[in-house]
Amino acid sequence: MTQFGRNTVPFADLDPDEVTRPDLNPYLLLHRQLGPPVLTAEEAKAYLGRWDAAFARPAPLHVEIGSGNGFFLSGMAAKHPERNWLGIEIRFKRVVLCAKKIKALGVGDNARIARYDAWWLEHILEPGVVAGLYVNHPDPWAKDSEAKKRLMSPFFAAWAASAMQVGAMIRLKSDHLPNIDALQAAIEGLPFALRGRVEDIEHNGTPWPAEDDVITNYQSKFIKRGLPVHALWVERI
Ligand SMILES: C[S@@+](CC[C@H](N)C(=O)[O-])C[C@H]1O[C@@H](n2cnc3c(N)ncnc32)[C@H](O)[C@@H]1O
């Protein structure tokens, strides 16, 4: 099925017959061999309805989408050891890099990184399980012809309304203003309330407490280039 950006298969990442292919992405095999904090797509699916088991303890589940190299996920897991942190990342190499950050910061008890496609989250996260949702610099897909690939969409907002607990917050940071506008427009008519919107957070501050944040890899690139990063803060009501 193709619906917005949902045009890939969420679970199968490897046909057993392909293991010996010389052009196989080495990180595909590596991410399957690492074990926790890495979760393969199949392992993530197996935690549907029982995420406490992935961390061997009950705690509020905070989810970051598109974790990249893992600065934010590992940094926030260090700031909030009382929460369970789950990163979602589609690219195999970035999953492996993220796992290294988690290990380096010693947050392997409360952080997991799942190799998974964020367009299919309802297969791994049951309704009402998400206590906090974070999206940092989602891919811009800047051309009009690419608009349907943007994750910040009515489809995403409807999924978030179902997956999030009442009182949970979405925090979006983006260098691409259309992504901020898109999420703000998409929450209209859904059980969400806008709690803050700031353009150029480097100069105007984040809508949320500054100390409760971590600068991401992409964010630091934009700061270095003197380009603005924007933020949207939304509560599930
Ligand atoms: C522009 S990068 C930002 C990375 C990181 N959040 C940061 O701020 O430094 C976007 C990230 O989202 C990931 N991504 C893109 N589409 C995705 C999808 N459908 N599911 C999961 N991750 C995705 C990319 O692989 C990439 O790591």
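Given the -39500 (n - 2.57) contribution per DSSP H run of 4+ residues, what per-residue ellipticity at 222 nm results for the chain, rounded to the nearest 500 deg cm²/dmol?
For the chain, the value works out to -8500 deg cm²/dmol.
Reachable aspartates and glutamates from residue 79, Cα under 15 Å, same-chain residues fewer than 8 places away excluded?
Output for residue 79: 64, 109, 211, 212, 213.
Report, in degrees rounded to the nearest 10, the 0 to 90 angle that the Cα long axis of helix 154-163 makes with the longest principal axis of the chain.
Between the helix axis and the principal axis of the chain, the angle is about 80 degrees.
Would you tally the net charge around residue 161, using a Cβ to Cβ cut-off of less than 15 Å, leaving residue 161 out, and scoring K and R as +1, D and E as -1?
-3
Counting only DSSP beta bridges with both residues in the chain, tell me the antiparallel percent, nearest 5.
Given both bridge residues lie in the chain, the antiparallel proportion sits at roughly 35 percent.
What net charge is computed for the residues neighbouring residue 61, neighbours being all others with C-beta under 9 Å from the C-beta of residue 61, Lys and Arg scored +1, Asp and Glu -1?
0
If you plug each phi of the range 31-40 into the Karplus form 6.51 cos²θ - 1.76 cosθ + 1.60 with θ = phi - 60°, what whole-Hz ³J(HN,Hα) values come out, in order, with x for Gly and Pro?
5, 6, 8, 5, x, x, x, 7, 10, 6
Filter the cross-link list 45/224; 143/224; 45/101 down to pairs whose alpha-carbon distance in this structure exceeds 28 Å.
Exceeds cut-off: 45/224.
Order of 25-35, 56-66, 109-119 by packing, highest average Cβ count within 10 Å first?
By packing density, highest mean first, the sequence is 109-119, 56-66, 25-35.
At a 10 Å Cβ-Cβ cut-off, how would you order 153, 145, 67, fewest neighbours first?
Going from least to most buried by this count: 145, 153, 67.
What is the mean projected area of the alpha carbon convex hull for the chain, to one decimal in square nanometres?
Its average projected convex-hull area is 13.3 nm².
Each value in this text was obtained by applying a stated rule to the coordinates, not by laboratory testing. Computed from a predicted model, the values in this text were never measured in an experiment. Here the Cβ is made from the backbone with ideal geometry for all residues, glycine too, and neighbour counts use every protein chain on show.
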